[in-house]
């Protein structure tokens, strides 16, 4: 079984990465929505020095994200938020597609806003669920189709150097169908990197419905519960996860479970009972790999989080 962390400021030190490997981490993810491979030469050196053999890059793909902020932005409930020109950056295609009344979930649903006025290049919103907005956070627009390319120009540049950077797997966000996978595979072939594994992230209902056509084309399915949980009432997410797991098992395709597996450990040294039960059940369902994201990238206890992930999963396997 594979155990992945996500590299970020909280763990990008030689000793921390070494301890995470000693705890059982077998691979690491680099989220390229926050910077390109070329910009992270220092992290690549750290990963090699720590002896981490599996490096996954998570592409930008058709994912929607806010722009970069000079500093975190506090959004009080009932207050305004402008997205697009003159405000917080957002994809132009989103601004063009939205209409008044459209709700937008930010940062895996931690914040919720509603569009009150829509111009072709900017959205005026009211905050319904407030909080602190950081740079480059996810945007979900329930019920809205936003035209987006499978791969951005930045994705293509990253794929060109992926092999020489030691990348072993590519995660494609918001996979919508077989053509997305074929597009990625062609790009890898063009880059001379067709040996790199493809991980299809299932993050919306389109991806859920397309799973049967994806299974013969991918090396691993990623049940990415952050945005997937925004695509349906949250109480339906466990059933969806179980159905996706069963479909992957029946097809003999490995799958990964990710997002908020130990979310409380971003700020606590010990996880909740529910979190360790979640990991245990994912492994019993047949997960080939499990991954931590913010827990290791930005949390206060990256080593301890990896220890709990690995030990809980191994208990389920014993």
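Yes or no, residue by residue, for (1) assigned to a loop (DSSP other than H, G, I, E, B); (2) under 19 Å from residue 279 (Cβ atoms):
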| position | (1), (2) |
| --- | --- |
| 208 | no, no |
| 212 | no, no |
| 216 | yes, no |
| 221 | no, yes |
| 232 | yes, no |
| 235 | no, no |
| 238 | no, yes |
| 244 | no, yes |
| 248 | no, yes |
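Out of the residues in the stretch 218-227 that are modelled with pLDDT of 95 or more and closer than 22 Å to residue 141 by Cβ, which is surrounded by the fewest Cβ atoms within 10 Å (Cβ to Cβ)?
225
Mind telling me which of the residues 219, 190, 180, 194 ends up being in contact with a helix residue (DSSP H, G or I) (Cβ under 9 Å, 6 or more places away or on another chain) and under 25 Å from residue 47 (Cα atoms)?
194 is the lone residue from the list that is in contact with a helix residue (DSSP H, G or I) (Cβ under 9 Å, 6 or more places away or on another chain) and under 25 Å from residue 47 (Cα atoms).
Can you tell me which residue is modelled with the lowest pLDDT among those in the stretch 13-72 that are assigned to a helix (DSSP H, G or I) and under 17 Å from residue 156 (Cα atoms)? So that I can check it myself, show each step before the final result.
Filtering the stretch 13-72 for residues assigned to a helix (DSSP H, G or I) gives 14-22, 32-34, 38-49.
Then drop every residue that is not under 17 Å from residue 156 (Cα atoms), which leaves 32-34, 38-40.
On the way: 32: 94, 33: 85, 34: 82, 38: 93, 39: 94, 40: 95.
Filtering the stretch 13-72 for residues that are assigned to a helix (DSSP H, G or I) and under 17 Å from residue 156 (Cα atoms), the one modelled with the lowest pLDDT comes out as 34.
So which of 215, 237, 284 is over 20 Å from the mean Cα position of the chain (by Cα) and modelled with pLDDT of 95 or more?
None of the other options fit; the residue is 284.
Among the residues of the stretch 35-55, which ones are under 19 Å from the mean Cα position of the chain (by Cα) and under 15 Å from residue 161 (Cβ atoms)?
Once the filter is applied, which keeps residues that are under 19 Å from the mean Cα position of the chain (by Cα) and under 15 Å from residue 161 (Cβ atoms), the stretch 35-55 yields 35, 36, 37, 40, 43, 55.
Within the stretch 243-256, count every residue that is within 17 Å of residue 209 (Cβ to Cβ) and either modelled with pLDDT under 95 or touching a helix residue (DSSP H, G or I) at 6+ places or on another chain (Cβ under 9 Å) (or both).
Total meeting the criteria: 8.
Determine which single condition residue 96 fails, assuming it passes every other condition in (1) closer than 22 Å to residue 226 by Cβ; (2) at pLDDT below 95.
So the condition that residue 96 fails would be (1).
The values are calculated or read from the model by the stated rules, or taken from the named source; none is laboratory data. What you are looking at is a predicted structure, and each value in this text was computed from that prediction instead of being measured. Glycine also receives a Cβ, built like all others from the backbone with ideal geometry; neighbour counts cover every protein chain displayed.
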